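Comments concern the structure below.
The values are calculated or read from the model by the stated rules, or taken from the named source; none is laboratory data. Because the structure is predicted, anything quoted here is derived from the model rather than measured. Because the Cβ atoms are built from the backbone with ideal geometry, glycine has one as well, and the counts that use them run over all protein chains shown.
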């Protein structure tokens, strides 16, 4: 290299010397002199470039060996397939299995437009040939040929579309370059790709003595060295485009699972959507609670507070593992929630009169669940007289504790009324005997331990779980209503990033007042930095309710997992699922489903690490094994070590 450079420099110096002598002799004009100087500069640049490294030098292989059916490229075996024949009809996204193939592939599509007049002339001749054949068969008495008749209809339709400009004509070249670390691996990948093509009635061939040309044709250079094309119009070509994989990976958020289309990660931040609400629909045992517990665990790692309403004590192990607060709400439990509590907003101007009136409306909704009369169609309520009496009694119960619209600061209230105070007020009112009789069981009867006490629970923890497993079915709707109301007061009192999980939400959808309350909560949650997650396995009860439909509409994120045949139709109509997506939900395994985030959605498979799995599993068999292993581990620890651990 140094020898060549020296030779170049000598030549350049010689040329420059000649130019200078010519200028001295006035044999060379100034214009020619400038041109010569420019050429000399370019020559210097060329010499310099020869000694530098370019991107091409970095990415180019050191060398490759060309075989009859493949290349050996930097230790990798490479082979190219090309498509020769397509069926009469190709479905939308037919190339998805190829594009999302788990192995390393290079796919190239080359399009060559053909003028319409050229194709129309060819189609006209083709129509004449087919019609002549059909007429000849009719004259000779042969049975009709469906293949010829179908071909005639296709050609006539294509002629009409080309003439009207709704379709255009192209020649398509489709190449796939396959990579393998060994010859056996390359052959295995090749057979799988050929099998996928064959399942679509698409025939492909391996390049024979064209391995290098096939490899060059799939490089991102736009060169087609094979030139093996197939005639196609616009519609089937559009179905071949590779933009079919739905990607839900973002820069921020938590891991929800793996995208089953292309094995990418579904990372998402629910608070980046227009609202942070979510709904989860699945049959029993499909993995809905497992999925949400994983979300809770990962959201807590990102600093999000979580509140859970747990109907079956499924979140206790998770709460104990992360040091959360577990509140068991039952008739005999010391944990009490007073439905008369008021929110204490911070950082905003709130009218005491508005807060008080809102609390009265909410309490009347709770009382309708507790003591309302059945009005038909699952609706309970009061007569106009009873409604007016309750309205006055609730305001007087607050006034009994000096809580009136005239107070200046709601934060200075020392205590709130309880259910017993309301009963005393109603006992002194004319016409309240019937309501008093129905309310007494909640103050001095069987149900007196539920809501007739000041609030004793605390929510100053990153994870708070309210368990209602030990409550009777009759009491669950009113208890959950009261808990949600308490949580709503806490949320309004301090604005923080929170998630509220309501498991088995269909309990609340059975009553109109509780369904209306949840809908109002979901609708207003965004303003208080709250995301509400509603989980249900009874899809029909949830979605056939007008409030259930509204909750879904106001939830920007949805997770659909395995569905029963009776619920699949309702889910498909609600979420506008395609037939294949509906079958995916019917045949989904545990932890599989469809993940919706705004306008995007993708098939998901929920995955967890071993440690996460042990914390969030709800499989009874696995829980028994973990409990057995824990006991065996404790028995093998010497007594002194046990004392030390305690």
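Numerical summary
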item	result
Residues that are crowded, with 23+ Cβ neighbours inside 10 Å and over 29 Å from residue 411 (Cα atoms), drawn from the stretch 445-496	468
Residue 442 in contact (Cβ under 8 Å) with a residue 60 or more places away in the chain, under 49 Å from the mean Cα position of the chain (by Cα) and farther than 24 Å from residue 384 by Cα	no
Positions within the stretch 82-105 being buried (at least 16 other Cβ atoms within 10 Å of the Cβ), in a loop (DSSP other than H, G, I, E, B) and over 27 Å from the mean Cα position of the chain (by Cα), in sequence order	86, 90
Residue match in the stretch 604-611 (condition: at pLDDT 85 or above, assigned to a loop (DSSP other than H, G, I, E, B), over 25 Å from residue 548 (Cβ atoms) and in contact with a helix residue (DSSP H, G or I) (Cβ under 7 Å, 6 or more places away or on another chain))	yes
Residues that are in contact with a strand residue (DSSP E or B) (Cβ under 9 Å, 6 or more places away or on another chain), within 26 Å of residue 352 (Cβ to Cβ) and at pLDDT below 85, drawn from the stretch 496-533	513
From the options 369, 403, residue that is assigned to a loop (DSSP other than H, G, I, E, B), touching a residue at least 60 places away in the same chain (Cβ under 8 Å) and surrounded by 14 or more Cβ atoms within 10 Å (Cβ to Cβ)	403
Residue that is nearest to residue 310 (Cα to Cα), among those in the stretch 463-502 that are part of a loop (DSSP other than H, G, I, E, B) and touching a helix residue (DSSP H, G or I) at 6+ places or on another chain (Cβ under 6 Å)	468
Residue 253 being surrounded by 15 or more Cβ atoms within 10 Å (Cβ to Cβ), at positive phi, at pLDDT 85 or above and touching a strand residue (DSSP E or B) at 6+ places or on another chain (Cβ under 8 Å)	yes
Test for residue 552: is it in contact with a strand residue (DSSP E or B) (Cβ under 8 Å, 6 or more places away or on another chain), surrounded by fewer than 23 Cβ atoms within 10 Å (Cβ to Cβ) and either at pLDDT below 90 or in a helix (DSSP H, G or I) (or both)	yes
Residue 108 vs. criteria part of a strand (DSSP E or B) and surrounded by 13 or more Cβ atoms within 10 Å (Cβ to Cβ)	yes
